[in-house]
Amino acid sequence: MTDLEQQIQDKQKLLDENGMWQQMGYLSNDEIDCEPILLFKKHDVAPFPIVLEAPTGLKCPKYDWNQYKWVENDPNSQGAQITALKEQLDTTKQTLTAVQEQQNSVSKETSGALDKIQATQEKQAEATAQLLQMLAPILASKPSVPNIPNVPTSNTNGGAN
């Protein structure tokens, strides 16, 4: 049990046994990292430099008044946190590199597909041009209209020709 945990336990015992105390708070400022204190009056919001929220999971807590949260102030724990952050950074870099490689691969595939589409369109344009060259002489000359013999369409003389 750390010294701070022992202090908290002792203060909690006093709080439970003596009706004079209403609440436990934690003093934290530039001079004192974290010191449990007992309060005569119950507070919903504590005045600076008292914090009502208990510091949990920290070896050497100190309240960060800019971010309004407890932070670790133990150099050894900070070193472990820095190591963990470095590992996270390395993992993030590896992920970023993998994503960039994947994007490059997709970009190359897309570029290749676009090149194939463009080549196909060029071939289609050439084929269309050749077809028009072959059809141009035919379309330029007047087609001959076949002579259709006069065939009577109605019988005006009663069926006798």
**Asked** Say the dipole of the range 3-73 comes from +1 at the beta carbon of Lys and Arg and -1 at that of Asp and Glu; which of 51, 22, 6 then lies farthest toward its positive end?
**Response** 22
**Complete:** The ³J(HN,Hα) series, computed from each phi in the range 16-30 with the Karplus coefficients 6.51, -1.76 and 1.60 at θ = phi - 60°, rounded to the nearest Hz and given as x for glycine or proline, is 5, 8, 10, x, 5, 8, 9, 6, 9, x, 10, 7, 8, 8, 5
**Asked** Which residue fluctuates the most in the chain, going by a Gaussian network model with Cα springs under 10 Å, if the choices are 53, 122, 72?
**Response** 122
**Request:** Could you size up the charge dipole of the chain around its Cα centre, putting +1 on the beta carbon of Lys and Arg and -1 on that of Asp and Glu, and report it in debye to the nearest 20?
**Result:** 1400
**Asked** Applying the Karplus parametrisation 6.51 cos²θ - 1.76 cosθ + 1.60 with θ = phi - 60° to the phi angles of the range 2-10, what ³J(HN,Hα) value in whole Hz is obtained for each residue in order, glycine and proline being reported as x?
**Response** 6, 4, 5, 4, 5, 4, 5, 4, 5
**Prompt:** Which ordering of 28, 105 is given by a fewest-first count of other beta-carbon atoms within 10 Å?
**Reply:** 105, 28
**Asked** Hey, in the GNM for the chain with a 10 angstrom Cα cutoff, which one of 64, 44, 33 fluctuates hardest?
**Response** 44
**Request:** Compare 73, 18, 29 in a GNM of the chain, Cα atoms joined below 10 Å, and give the one with the largest fluctuation.
**Result:** 18
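Between residue 44 and residue 14, what FRET efficiency comes out of the Förster formula 1/(1 + (r/R0)^6) with R0 = 25 Å and r the beta carbon distance, rounded to 0.05? Let's see the in-between values first.
Numbers: r = 22 Å, r/R0 = 0.87.
Calculated transfer efficiency: 0.70.
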**Request:** For residue 51, enumerate residues with amide H under 5 Å from its amide H, sequence gap 5+ or separate chain, H modeled in the peptide plane.
**Result:** 26, 27, 28
**Residues whose placed amide H lies under 5 Å from that of residue 70, excluding near-sequence neighbours** = 64
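Where a number appears in this text, it was derived from the coordinates with a stated rule and is not lab data. All of these numbers come straight from a predicted model, not from anything done at the bench. Cβ coordinates were reconstructed from backbone atoms using ideal geometry, including for glycine residues, and neighbour counts include every protein chain displayed.
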